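For reference, the structure is listed below as structure tokens.
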DNA sequence: TGCATTTGTTATAATCTATACCCATTCGGG
DNA sequence: CCCGAATGGGTATAGATTATAACAAATGCA
């Protein structure tokens, strides 16, 4: 009838956390983030600078405020990004004649070439990371993620 | 034949970033993270402290090293978590007689009650955030996330 | 003209994460 | 039994990310 001796469990289980979608999604994001960062690192890019390059290439001439909004980043936090891209000669910042407050962001030739190279690397990264997913699974995954993104907030 | 005047585009598009699964997943994670933090805040919990409570409840007596591994957190970063849970009287830290280096972490009565309350709130948060997903979509989403988590890394 | 707004920017703070190092304790091989 | 390696908890610290306040220059509107 003695008290049970306190001992540490020999194996730890996740089972109570696994039913939460958010937990699984965070774990998947950790894997993606680590692998993608590693993919971009040899190109001298981070996730945020790669995303910025893509958006500038797709929307040439956009302003930093527009880019910040598109990236869901606060304007002050974008300054370091554009500074970095400009210092590397990947992006040009020209004052707009029509609005001398704003910069028109454009890819340089070097920037366009690095973007093409980085896009290829990121596609390879995704192909490797999602190799186990069928076409249907990928389609449903993307649809589900979009629904979550636009879900009604608390 | 003059040069085109540089002007900022009137609308910005995501289209070049959307094909990347990682981009969609990060956006979804941002939404989940914000909504879940807001859900836990009135209970005095953060994501990491809630997850810790769940794991301690599920694996009573586990050590901090075991908990850190289960949470994918470095041991130094877990100290603030257990300190916080202990200070709030939610978790007890008792030295193991068998190994006086380690703590046996256990929920207190208060901790168990708060965990039940928080679990209910998190389930409600997930029900709301994933309301637009069908049963099949949720199943495939979770399966896909698990496959990503265990995908071969670069 | 005058005033609110916008753009880019600086400074600053909060949070999260990762590494190096420390001490006490435990473990394993000789 | 003894000593070195490994482990558990902890401190200090640095880096990265994110958020807010405030500012000057420029713009737009009443």
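The table that follows gives values for the structure above.
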| read-out | value |
| --- | --- |
| Looking only at the range A:47-60, and only at residues there that are under 15 Å from residue A:104 (Cβ atoms) and out of contact with any helix residue (DSSP H, G or I) (no Cβ under 6 Å at 6 or more places or on another chain), the one that is surrounded by the most Cβ atoms within 10 Å (Cβ to Cβ) | A:56 |
| Filter result for residue B:132 (part of a loop (DSSP other than H, G, I, E, B) and surrounded by fewer than 19 Cβ atoms within 10 Å (Cβ to Cβ)) | yes |
| Members of the range B:61-118 that are part of a helix (DSSP H, G or I), within 16 Å of DNA strand C (Cβ to nearest atom) and buried (at least 17 other Cβ atoms within 10 Å of the Cβ) | B:64, B:66, B:67, B:68, B:70, B:71, B:78, B:81, B:82, B:84, B:85, B:118 |
| Boolean, residue A:127 is away from DNA strand D (no atom under 16 Å from the Cβ), more than 9 Å from every other protein chain (Cβ to nearest Cβ) and within 21 Å of the chain's Cα centre (by Cα) | yes |
| Positions within the range B:36-46 being surrounded by 17 or more Cβ atoms within 10 Å (Cβ to Cβ) and under 14 Å from residue B:129 (Cβ atoms), in sequence order | B:36, B:39, B:40 |
| Unmet requirement for residue B:7, which otherwise passes all of (1) at the interface with chain A (Cβ under 8 Å from one of its Cβ atoms); (2) within 25 Å of residue B:141 (Cα to Cα) | (2) |
| Test: residue in the range A:40-51 that is facing chain B (nearest Cβ under 10 Å) and in contact with a strand residue (DSSP E or B) (Cβ under 8 Å, 6 or more places away or on another chain) | no |
| Residue check, residue B:139 in a helix (DSSP H, G or I), more than 9 Å from every other protein chain (Cβ to nearest Cβ) and farther than 21 Å from residue B:44 by Cα | yes |
| Search result, residues across the range A:42-60 that are within 12 Å of DNA strand D (Cβ to nearest atom) and assigned to a helix (DSSP H, G or I) | A:47, A:48, A:49, A:50, A:51, A:52 |
| Residue B:101 within 13 Å of DNA strand D (Cβ to nearest atom), at pLDDT 95 or above, farther than 18 Å from residue A:14 by Cβ and in contact with a helix residue (DSSP H, G or I) (Cβ under 7 Å, 6 or more places away or on another chain) | no |
| Subset of the range B:68-88 (residues that are in contact with a strand residue (DSSP E or B) (Cβ under 9 Å, 6 or more places away or on another chain) and within 14 Å of chain A (Cβ to nearest Cβ)) | B:70 |
| Residue in the range B:12-27 that is surrounded by 14 or more Cβ atoms within 10 Å (Cβ to Cβ), within 14 Å of the chain's Cα centre (by Cα) and facing chain A (nearest Cβ under 8 Å) present | yes |
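The values are calculated or read from the model by the stated rules, or taken from the named source; none is laboratory data. This structure is a prediction, so every number in the text was calculated from the model and none was measured. Heads up, the Cβs are rebuilt from the backbone with ideal geometry, glycines too, and the neighbour counts pull from every protein chain shown.
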